[in-house]
Amino acid sequence: MSYEHILYDVEDQILTIILNRPDNLNAFTVTMRDELIDAYDKADADDDVRAIIVTGAGRAFCAGADLGAGKDTFNYKARGVQKEGELHRDGGGRVTLRMYQSKKPIIGAINGPAVGIGATMTLPMDVRLASDKARIGFVFSRRGIVMEACSSWFLPRLVGISQAAEWVYSGRIFPADEAKAGGLVKAVHPQEDLLPAARRLAKEMTAESAPVSVALCRQMMWRMLGADHPMEAHKIDSRGIAMMGQSPDVAEGVTSFLEKRPAKFSMRPSVDMPDFYPWWEEPEFK
């Protein structure tokens, strides 16, 4: 797929996805939705990609849904998008569900205004960094609509129900410092240091780690957010330790430590995920 509304650039094993509609403050479109899903598919299949950074072109991260259809922007029946008798799937949710499945760490570099889907698409990212020029808003109540992009699942888990409720019910736009204080972003950086900081973090996450281990640990942590008992974590921990313990990566990880040298991991997430992955698709996990 060729991209019109995003840019896709891999350098030094870091993929940078840039939302690229700067004249429209990178407002979210159906085209952007499809391109983002394709980009995450492409990244998972490419073992040269170890981490992903997402940012925006120009002065905004993403100003939310493109409101070019006016009052019918979210009226899918009126626009002929929703077929009779079918439930229209939220486009933002399709993107965030794909992000949730990612085998690669995702870092948000929120360079400017991020509202609506511009804010909620950051929630499945593993870490969010913000520019001191960033402004964030979960503005749904001010548009008379509801939370989207699975944000009613993600946001309370990230910042707690009270903070999520205050931001969502008011729909107000708040500065980067408040996002940091509320636990939504890890750090606030001057604009010129935002992408370098994101790249430093991406390298720190991946420079000495095994790609398959990172992929598995990412899925284990995100999926356990919805588990109803720690026994669910124990089940998958046990399978992971038992199966990966027989793998060449673990042999190399232990040997390199004992020999006091950098590890050279050989397993690749595109082809070497263990047999129990993806465990959540099993009809009954025993």
Select from S256, M244, F276 the residue farthest towards the positive end of the dipole of the range 236-286; place +1 on Cβ of Lys and Arg, -1 on Cβ of Asp and Glu, and compute about the Cα centre. S256
In degrees, nearest 10, the alpha-carbon axis of helix 91-100 is tilted away from the dominant principal axis of the alpha carbons of the chain by 20 degrees
Taking N as the number of residues in the chain, what is its Cα Rg relative to 2.2 N^0.38 Å? 1.05
Say we join alpha carbon atoms closer than 10 Å with springs in a Gaussian network model of the chain; which of I236, I17, I136 then has the biggest fluctuation? I236
Taking only DSSP H segments of four or more residues, each worth -39500 (n - 2.57), what value at 222 nm results for the chain once the sum is divided by all its residues, to the nearest 500 deg cm²/dmol? -11500 deg cm²/dmol
Per the 1/(1 + (r/R0)^6) rule, R0 = 25 Å and r from the Cβ atoms of H229 and S170, FRET efficiency to 0.05 is 0.15
Cα centroid separation - the range 230-279 against the range 34-58, whole Å: 24 Å
Given labels modelled 7 Å from the Cα in the Cβ direction, how far is it in nm from E259 to A242? 3.0 nm
Cα centroid separation, the range 102-120 to the range 121-183 (Å): 11 Å
Let a ≥ b ≥ c be the square roots of the eigenvalues of the Cα gyration tensor of the range 107-208; is it rounded (a/c under 1.5), or, if not, prolate (a/b larger than b/c) or oblate? prolate
Using Cα-Cα distances under 8 Å and only pairs 6 or more residues apart, what relative contact order does the chain have, in percent? 16 percent
Helix 161-170: inclination vs the chain longest Cα principal axis, degrees, rounded to 10, gives 20 degrees
Under a 10 Å cutoff between Cα atoms, tell me which one of R223, R89, R157 has the largest fluctuation in the Gaussian network model of the chain. R89
Quick check: pseudo-label points 7 Å beyond the Cα along Cα→Cβ at N24 and D132, how many nm apart are they? 3.2 nm
Sticking with the crude label model, points 7 Å out along Cα→Cβ, report the distance from S266 to D12 in nm, one decimal please. 2.9 nm
Comparing S238, S213, S247 in a Gaussian network model of the chain (Cα, 10 Å), the one with the largest mean-square fluctuation is S238
Tell me, what HN-Hα J-couplings in whole Hz come from the Karplus equation 6.51 cos²θ - 1.76 cosθ + 1.60 at θ = phi - 60° for each residue of the range 39-47, using x for Gly and Pro? 4, 5, 4, 4, 5, 5, 7, 10, 6
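Any read-out appearing in this document is the output of simple, stated calculations on the displayed coordinates, not a laboratory observation. Remember, it's a predicted structure, so these values are computed and weren't measured experimentally. Every residue, glycine as well, gets a Cβ built from its backbone with ideal geometry; the counts of neighbours run over all protein chains shown.
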